[in-house]
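Working notes, beginning with the structure itself.
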Amino acid sequence: MKRLASVFLWGGVSALGAAAFGVLALSRGETVNAAWLLTAAVCTYALGYRFYSRFLATRAFGLDDRRATPAERYNNGRDFVPTNKWVLYGHHFAAIAGAGPLVGPVLAAQFGFLPGTLWLVIGVVLAGAVQDFTILFCSLRRNGKSLGQMAKEEVNPAAGATAMLAVLFIMIILLAVLALIVVNALKASPWGLFTIACTIPIALLMGWWMKRWRPGKVGEASAAGAVLLLGALVAGGWVAGQPHLAPLFTHSATALTWMMAAYGFIASVLPVWMLLCPRDYLSTFLKITTILVLAVAILVILPPLRMPALTPFATLGEGPVFAGKLFPFAFITIACGAISGFHSLVASGTTPKMIARESDARFIGYGGMLMESFVGVMAMIAACTLDPGVFFAMNTTPAALAQASQTLGAAGFVVSPETMQGLAARMGEATLVARSGGAPSLAVGMAQIFAGATGVFGGSGKTLDALWYHFAIMFEALFILTTIDTGTRVGRFMLQEIVGHVWPRFGETSWYPSVIASSAVIVAGWGYFLYQGVSDPLGGINSLWPLFGISNQLLAAVALCVGTTILIKMGRARFAWVTAAPLAWLVTVTMTAGWQKVFSVDPRLGFLAHAASLAGSTNPDAGRLIFNDRLNTFMALLFMAVVTVLIVTSLREWWLVVSRRKAAVVHEAPFVETGYATGD
């Protein structure tokens, strides 16, 4: 009877999801309700987690709760700490969910709602969540080793060592871009800065509560943290309105750069239980709650998707938001939400050192990535419920808007200056024109949905637009910031491993001089690029985001190479397709995008063409822009070359092992039986 009920339940979920996809795919100009997009995503996630992740856990990986995890065997109270799976889920989700799932889908809405949505929903089930789960499992079986170290040991020492350096450089670029988005969101914003600053002492209190005062009382600490966080949100609005207090939390981008660097360093050297884990867990309260409330609000007001399924820019490649056709740039612009190489660094960094049981890896690795994809879908909905004219006016510079005016006019994507002025007034802003980067347009979309839901329940509706807008801006900044602390710590682990080959003592993660020195180097690295970004004439995002997308997806290709190699060497070659298939797709897409970004003759698309177009220019910023283009070219070619070498080396290794020309040697830690009783 129970089995029959299960069949009917999952059959119904499948039918509902298929119907929702049918409505989205078969619409021909008529208005589509956002609820269909939400339904298609949720049904796909449920099916993927219930069936595919279970297949991976039991058949492909063979998770075993009898095996002691690194957190249990090396428990040192600082980096290796057995952690409650719900708390660790919060930490892991907060660490991986940065700018990508918020900003990427908003920018990709330039192509229409359908391409980005399909990539977010299908990509995460078959690629992104698989990568996260696979690398987490592999690192868990190797004492929490990093992705670079696993590449060196399992693929090839020379190629692996090169990959370790490339991964470290990619990591620094990723952290700089994430930090830049936070700085741009918080500069001259006392409300947001005060609220985010308050999360630090609140997290310290939660860490002390769960570790020292009331060990294991996660529910109590969670309730206290949630109440204090809500208090900080309300207090932030009050502080912003006080003429004597607001200036204390109103700072320039340069000042915030120094603050970000100081926070990243401190969070990297303190024990994980003291600040990092409770702060990320606390941030997850706001993140997941906001996203779930947004989903409920969409189901309440049933907003229409005003952006068409496909826009003319999907095939023209001359979009005003960014240049390039749907293939391959939709899959690069959405750098997270579908698959993200950055996640592999977290999944082989802090998280495997904190898992108490192997079976928790399925919930944390696969489930955490599904939640990030859900965030990306919510961002896509929020952007596509905006009037297309408003969307393009907000995300496009005046010059690019003028160049695309004919195409925009033919498609009906126009908006009057009076409309934009009225919208800015409702949101409490001086202007919303040319607010590129994705974050402001996402905030406007979220504010309109929340205000609409408030009106349905008898609230004041549109009079709350300004409040919801600034809440959304603060939410986005907090969402991204939590990635910085974990990313810095992961970078520290990677640097310690690399230097440890030359100086073994430096590679000891418990030796404090090494901890401090490596953290300082990592912070200095991303801090330099962050400073370059805040002083960039184009705002930094224009020069760093393309490199962010390419490097992030190439890093995912590295992770999938390592995962495929380990599966084959474990004697599970028949399951290698779970990582090899997404690897083939990702390499095709990313290498195509990288080649076009470097060598395209269109100055709006190619780095070298853009640099050449500035030669002899009287623009006082031309020198800096040319330097940025050449730096982007060098880094993109470097990353592409390293990944190509690793792929070729991996293919050779797979052939040798499968054809039995070489013995399959895995560097898995010996089995040690856990000391935990069943159910602990």
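Any idea what the alpha-carbon Rg over 2.2 N^0.38 Å comes to for region 1-125? Mind dumping the intermediate values first?
On the way: Rg = 19.4 Å, N = 125, 2.2 N^0.38 = 13.8 Å.
Normalised Cα radius of gyration, region 1-125: 1.41.
Of the DSSP H helices in the chain, those with a Cα length along their own long axis of 27 Å or more and a mean Kyte-Doolittle hydropathy reaching 0.0 comprise 2-26, 157-186, 190-208, 218-240, 277-301, 465-500, 512-534, 541-569, 577-599, 622-658. Protein heavy-atom accessible surface, 1.4 Å probe, per residue over the chain: 37 Å².
Based on alpha carbons, the Rg and Dmax found for region 558-669 are 19.9, 63 Å.
Near A517: Cβ cut-off under 13 Å, other residues only, Lys/Arg at +1 and Asp/Glu at -1. The net charge is +1. Spatial offset of region 496-537 relative to region 355-411 amounts to 32 Å, using the alpha carbon center of each. If you wrap the Cα atoms of the chain in a convex hull and average its projected area over all directions, you get 30.8 nm². Taking Cα centre as origin and charging only the Cβ of basic (Lys, Arg, +1) and acidic (Asp, Glu, -1) residues, the dipole magnitude of region 490-643 rounds to 460 debye. The alpha-carbon atoms of region 59-135, seen along their principal axes, cover 50, 31, 17 angstrom, with the largest extent given first. Each other residue within a Cβ distance under 12 Å of I566 adds +1 if Lys or Arg and -1 if Asp or Glu, for a net charge of +1.
What separates the Cα centres of region 71-134 and region 156-202 is a distance of 15 Å. With the charge dipole of the chain set up from +1 on Lys and Arg Cβ and -1 on Asp and Glu Cβ about the Cα centre, the Cα lying farthest toward the positive end among the listed residues A40, I266, A356 is that of A356.
Classified by the C-alpha gyration tensor, region 36-88 has an oblate form. Its axis ratio a/c, with a ≥ b ≥ c, is 1.5 or above, and a/b does not exceed b/c. Taking the Cα centre of the chain as origin and assigning +1 to Lys and Arg Cβ atoms and -1 to Asp and Glu Cβ atoms, the resulting dipole is close to 1560 debye. Evaluating 6.51 cos²θ - 1.76 cosθ + 1.60 at θ = phi - 60° for every residue in region 51-57, the Karplus couplings come out as 9, 6, 5, 5, 4, 4, 5 Hz, glycine and proline recorded as x.
The calculated FRET efficiency for R574 paired with H501, based on their beta-carbon distance and R0 = 25 Å, is about 0.15.
Per-residue ellipticity at 222 nm, computed for the chain from helices alone with -39500 (n - 2.57) per DSSP H run of at least four residues, works out to -22000 deg cm²/dmol. For the chain, the carbon plus sulfur part of the accessible surface works out to 67%, probe radius 1.4 Å.
Among K152, K187, K353, what's the order by accessible area (1.4 angstrom probe), most exposed first? Can you show the working numbers first?
Values: K152 50, K187 90, K353 10 Å².
Most to least solvent-accessible, the answer reads K187, K152, K353.
If the chain between L310 and V672 were fully stretched, how many nm would it gain, using 0.36 nm times the residue separation less the Cα-Cα distance?
Values: separation 362, 0.36 × 362 = 130.32 nm, distance 5.42 nm.
Between L310 and V672, full extension yields an extra 124.9 nm.
Between the beta carbons of W238 and L204, assuming R0 = 22 Å, the FRET efficiency works out to 0.45 to the nearest 0.05.
Taking each of K152/K662; K287/K597; K85/K145 in turn, the alpha-carbon distance tops 24 angstrom for K287/K597. Using a simple spin-label model with pseudo-atoms 7 Å out from Cα toward Cβ, D621 and A188 lie 1.5 nm apart.
On a full-extension model of 0.36 nm per residue, what is the gain between R661 and V601, subtracting their alpha-carbon distance, rounded to one decimal in nm? Before the final figure, lay out the partial values.
Numbers: separation 60, 0.36 × 60 = 21.60 nm, distance 4.58 nm.
Fully extending the segment from R661 to V601 adds 17.0 nm.
The values are calculated or read from the model by the stated rules, or taken from the named source; none is laboratory data. Just so we're clear, the structure is a prediction, and the values are computed from it rather than from any experiment. Here Cβ is always computed from backbone atoms with ideal geometry, including for glycine, and neighbour counts include all displayed protein chains. SASA here: full protein model, heavy atoms, side chains in, ligands and nucleic acids out. Shrake-Rupley method; radii C 1.70, N 1.55, O 1.52, S 1.80 Å.
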